[in-house]
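Have a look at the structure below, then the notes.
The values are calculated or read from the model by the stated rules, or taken from the named source; none is laboratory data. Keep in mind that what you see is a predicted model, and the values were worked out from it rather than measured. When we count neighbours, we look across all protein chains shown, and the Cβ atoms used for this are built from the backbone with ideal geometry, even at glycine. Only protein heavy atoms, including side chains, enter the accessible area calculation; ligands, DNA and RNA are left aside. Shrake-Rupley method; radii C 1.70, N 1.55, O 1.52, S 1.80 Å.
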Amino acid sequence: MLNHQQTPSQTIVIVGAQWGDEGKGKIVDYYAERADLVVRFQGGNNAGHTLSIDGKTHVLHLIPSGVFHENTKCIIGSGVVVDPKVLIEEINNLTQWNADKFSLNKLKGRLFLSDRCHVILESHKILDAAREERQSKIGTTKRGIGPCYEDRASRKGIRLLDLKDKSRLAEKIEDHLKEKNFLFEHLYGLPQVSPEKLAAQYEEYGKILSPFIADTQHLLYEAKTNRKKILFEGAQGILLDVDYGTYPFVTSSRTLPHEASNGTGIRVSQDTVYVGVAKAYATRVGDGPFPTELIGEEGNQLREKGREFGATTGRPRRCGWLDLVALKYAVEVGGLDYLVLTKTDVLCGSSVVKACVSYEVSDTPLSSFPGDATLLSKITPTYRSFPGWESCHEPGSHGTIDRNLASYIQYIENFIGIPVCLSTYGPGRHENVERISVF
Ligand code: IMP
């Protein structure tokens, strides 16, 4: 029997439970109303969190999705890789949209960037794109994420704190480009990048971002000590985790909720709830195995109805039925306590809805989600069919979920072993049914 009782927690970590694009932006915005701080802890501007606020659609790539709540502080933790150019554009877009709420002065007291964040350089983006075009193809977003995390691990990275020191920055960029320019010229046949120009460009970014750069580790520690409500916002999804995802078709960071500690420098409190977000169906963008993918007309219809086009790259997303085997694995490896089920409205009007309940390879059932992407690409999914729903609600009601949708949700809960705390039926801020108050 699943426990549907919960005392709202002081700390919540929200992560994607599929291959990203589960609709986390809207969910973070929903819970952020109750939070004192919203904190990003991994990934970079490969993420695109879409929010529909007062009839306008906003896409955030780096700024935490809590920014639309004026009393909430937003922190970009040290585990995030920051492209300063993109961040400055994002800040400018907010200021242009509403100069009162998002004036630079107001944002300066609300947005904090860890001085330890690694910086994505133009050369990282060139390398990411060159590898995609000329070497093994992962289908990356070409935002320089992988090359930046590589430099972090090889201890050659440039951090936000370096942008504030002109001579140190020039020295580090020169050193960085010795290796990269060699690859550009000799391996990829590309023009070299000028160290002087690159250093001057990033020095300028440093001047603009300087008022936002802070010791966020300590700021968070104090907030936690003072029992502030903290929301940690994950990017991508568990199945894109560099270790536990469908390697090598993954991103370069850890996308599991445990990373909230590493990517911010504080231990999350013991009463923290881990919440995974999944769509009522599945999508994937980029290459890699996708057992329940619908090819052809069925997939196209789902894509059009769900508006499944990448918020960062505009790429059409691959679409398919919900994969419960993969979702159960995500619950297990992510230690998830609750699930949020999004976009249930996209399946409205289908007479039958399907979900994958087991995998087989050459007629032999697989007992667990495989770590080998080649094996995963060969599996045959077994489906269970559910009667569809015409509307997400009982006629005339907005609080009661349609009976068939409720049975679908109950089946999911029983299969994955954790309760669904919230389900959503549209992009709008209020199109949600909260079933359990977790935060
Ligand atoms: P990268 O993170 O740009 O290196 O891309 C690696 C893989 O992760 C590719 O398949 C991308 O499509 C995927 N990916 C990265 N970020 C996101 C995201 O926010 N949503 C969905 N897929 C993503």
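Annotations for the structure displayed:
- Calculated FRET efficiency for the pair ASN262/THR380, C-beta based, R₀ 30 Å, to 0.05: 0.20
- Note on GLU360 and GLU298: their simple-model spin labels are 1.6 nm apart, each label 7 Å out from Cα toward Cβ.
- About its Cα centre, the range 40-89 has a charge dipole of approximately 80 debye under the convention of +1 per Lys or Arg Cβ and -1 per Asp or Glu Cβ, with nothing else charged.
- The mean accessible area for residues of the range 132-248, using a 1.4 Å probe and ignoring ligands and nucleic acids, is 53 Å² per residue.
- Dipole magnitude of the range 38-162 about its Cα centre (Cβ charges: Lys, Arg +1; Asp, Glu -1), debye to nearest 20: 240
- Here the contact order of the chain, divided by its residue count and restricted to Cα pairs under 8 Å and six or more residues apart, works out to 21 percent.
- ILE412, ILE138, ILE208, reordered so the largest accessible area comes first (probe 1.4 Å): ILE208, ILE138, ILE412
- Label-to-label distance, SER194 versus GLN410, with points set 7 angstrom from Cα along the beta-carbon direction: 6.9 nm.
- At full extension, LEU183 and ASN105 could sit 23.9 nm farther apart than now, given 0.36 nm per residue minus the alpha carbon distance.
- Taking the protein heavy atoms of the range 76-213 in the context of the full set of protein chains, the accessible area attributed to carbon and sulfur is 49 percent at 1.4 Å.
- Heavy-atom accessible surface of the range 5-69: percent carbon and sulfur, 1.4 Å: 40
- Relative contact order, whole percent, for the range 202-312 stands at 17, derived from Cα pairs under 8 Å and 6 or more residues apart.
- Within the listed set LYS142, LYS156, LYS24, the residue fluctuating most in the Gaussian network model of the chain (springs between alpha-carbon atoms under 10 angstrom) is LYS156.
- Relative contact order %, the range 231-371, counting alpha carbon pairs below 8 Å whose residues are six or more apart: 25
- With respect to the chain, whose longest principal axis is taken over its alpha-carbon atoms, helix 216-225 is tilted by about 50°.
- Projecting label points 7 angstrom from Cα along Cα→Cβ for GLU89 and TYR247 puts them 3.2 nm apart.
- For the chain, a Gaussian network of Cα nodes joined below 10 Å ranks ASP337, ASP215, ASP175 by mean-square fluctuation, and the top entry is ASP175.
- Lys/Arg +1, Asp/Glu -1 at C-beta; the chain dipole; positive extreme among THR255, TRP97, TYR411: TRP97
- Largest mean-square fluctuation among PRO248, PRO84, PRO365, in a Gaussian network model of the chain whose springs join Cα atoms under 10 Å apart, belongs to PRO365.
- Taking a straight line from the alpha carbon of LYS73, these lysines sit under 26 Å away, with near neighbours fewer than eight places off in the same chain left out: LYS24, LYS26, LYS56, LYS85, LYS101, LYS106, LYS108, LYS164, LYS207, LYS224, LYS228, LYS229.
- Accessible area of the range 283-439 divided out per residue, in Å², using a probe of 1.4 angstrom: 44
- Surface composition of the range 349-439: carbon and sulfur atoms hold 49% of the protein heavy-atom accessible area at a 1.4 Å probe.
- Summing Cβ point charges (Lys, Arg +1; Asp, Glu -1) relative to the Cα centre of the range 245-353 gives a dipole of roughly 240 debye.
- Dipole of the range 291-396, positive direction: furthest Cα of SER358, LEU376, VAL331, with charges on the beta-carbon: LEU376
- For the range 1-129: accessible area per residue (Å², 1.4 Å): 34
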